Amino acid sequence: MKKNSFISVTSNEKKEENRGSVEFQVVCFTNKIRRLTSHLELHKKDYSSQRGLRKILGKRQRLLAYLSNKDEVRYKELINQLNIRELKTR
């Protein structure tokens, strides 16, 4: 199994106070998604993990929609940092 590269949000002392922020939650979900995706490459018929992946994707999608409505600048910074989707041009 290959080693995964996970994203660290901030230093350890800042993690304690930022656990409820949208950015921290999205980063945690992104790490889980990448870990589950690499797991599913090896275990294609693990349907429980597929279901869990779909649920986490939905949660992350809802959080990103919330963040884009509330603060578009923070949304764009997070999308660029995580490199998870193309920026939408209006």
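What follows is calculated from the coordinates using simple rules that are stated; it is not laboratory data. As the structure is a prediction and not an experimental result, all values here were calculated from the model. Cβ sites come from the backbone with ideal geometry, for glycine too, and all protein chains shown count toward neighbours.
For the listed peptides 63-72, 18-27, a ranking on the average number of other beta carbons within 10 Å per residue, highest first, reads 18-27, 63-72. The length gained by stretching the chain between C28 and R85 to full extension, at 0.36 nm per residue less their Cα-Cα distance, is 18.9 nm.
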